[in-house]
Amino acid sequence: MAPGAPAAAFAEAAATDGIELAPGSFDWLCEQGHVGLERVAKARRDPSIVEPVKAALSALATVFARLGGDVAVLYAARENLLLPVQHVHEPSGTLIQLDDLSHFTSFRLTALDLYPPDAALGFDIEEHKSLCREHAGEADRAGRSLAAKAFGFGGVPRERAYHDALFDLAPPAMGHPPLVRIAVLDGDGAAAYARFRSDAGGAALAGGRRSPPR
């Protein structure tokens, strides 16, 4: 299946319910990771996000360190290289990501175990942990021969786990609803939307509020 096909099928299925989803990006989701999040949040000068961002930064710094990242690389990274978001529902400000096998690694499990107990999440964290335990043996092999900035040779799976944590924890800190994550281990984006819809996710988006500041 072509890369991006599940995401396209998910969006097409949502469109039949009158829900418009589109790829997006945000200045606080960039190559600089949590360093970029802190930079953008400070520039906003918004008192309402100060404490949520502090909590997110603390958790992300812990995840980054546990995964073996080099924070000096983040400070030298490009602030204008934005990380792509698969789906953004503009009326509600909701971000949606579909996770294939490569996301369910032992590194992702390590990151999830470090989330604050009160983290605002748009998915069942225990279900994702279970999927990591089930598939890590295979998923850990994906990209292990490739280098990744801040994580060195074989660092792609660790970088992916860190970016997933950034995507999970940054949106609520910046005033958005919790990011929605949906597993698509079978590559079927339309079926993934059907599951999301049956869990009342589609109805929630259909009644979405005005987008928060980007």
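FYI, it's all coordinate maths here, none of it is from the lab. Just so it is clear, the structure is predicted and the values come from calculations on it, not from any experiment. Neighbour counts run over all protein chains shown; Cβ positions are idealised from the backbone, glycine included.
State, to one decimal in nm, how far the label point of ASP186 lies from the label point of ALA15, with both points 7 Å from Cα in the Cβ direction.
Here the modelled spin labels are 2.3 nm apart.
LYS129: which lysines have alpha carbons under 26 Å from its alpha carbon, excluding same-chain residues fewer than 8 sequence positions away?
In chain and number order, the partners are LYS54, LYS149.
For a quick check: sort THR16, THR62, THR94 by the number of other beta carbons within 10 angstrom, fewest at the front.
THR16, THR62, THR94
In what sequence do TYR193, TYR75, TYR115 fall when counting other Cβ within 10 Å, fewest first?
Lowest count first: TYR75, TYR115, TYR193.
What does the extension gain come out to for SER25 and ASP113, with contour length at 0.36 nm per residue minus their alpha carbon separation?
Taking 0.36 nm per residue and subtracting the Cα distance, the gain is 29.0 nm.
Using DSSP H assignments, which helices in the chain have an axial alpha-carbon span of 27 Å or above and a mean Kyte-Doolittle hydropathy of -1.0 or higher?
Span-like helices here: 47-66.
Dipole of the stretch 76-208, Cα-centred, from +1 at each Lys and Arg C-beta and -1 at each Asp and Glu C-beta, to the nearest 20 debye?
380 debye
Between ARG78 and ALA194, 0.36 nm times their residue separation minus their Cα-Cα distance comes to what?
Roughly 38.0 nm would be gained on extension.
What would the Debye formula give as log10 I(q)/I(0) at q = 0.14, 0.25, 0.28 Å⁻¹ for the alpha-carbon point model of the stretch 146-186, no solvent?
The computed values of log10 I(q)/I(0) come out as -0.43, -0.82, -0.87.
Which entry in (i) 58, 40, 32; (ii) 50, 43, 31; (iii) 46, 44, 31 is this structure's computed Cα extents along the principal axes in Å?
Matching the structure shown: (iii).
Could you list, bin by bin from short to long, the percent of Cα-Cα pairs of the stretch 50-173 in 10 Å steps?
12, 43, 38, 7, 0
How big is D for the stretch 57-119, in µm² s⁻¹ as a whole number, if Stokes-Einstein is applied with the Kirkwood radius of its Cα pairs at 20 °C and 1.002 mPa s?
151 µm²/s
5 Å is the cut-off here: which amide hydrogens, built 1.01 Å from N in the peptide plane, fall below it relative to HIS176, excluding neighbours closer than 5 in sequence?
none
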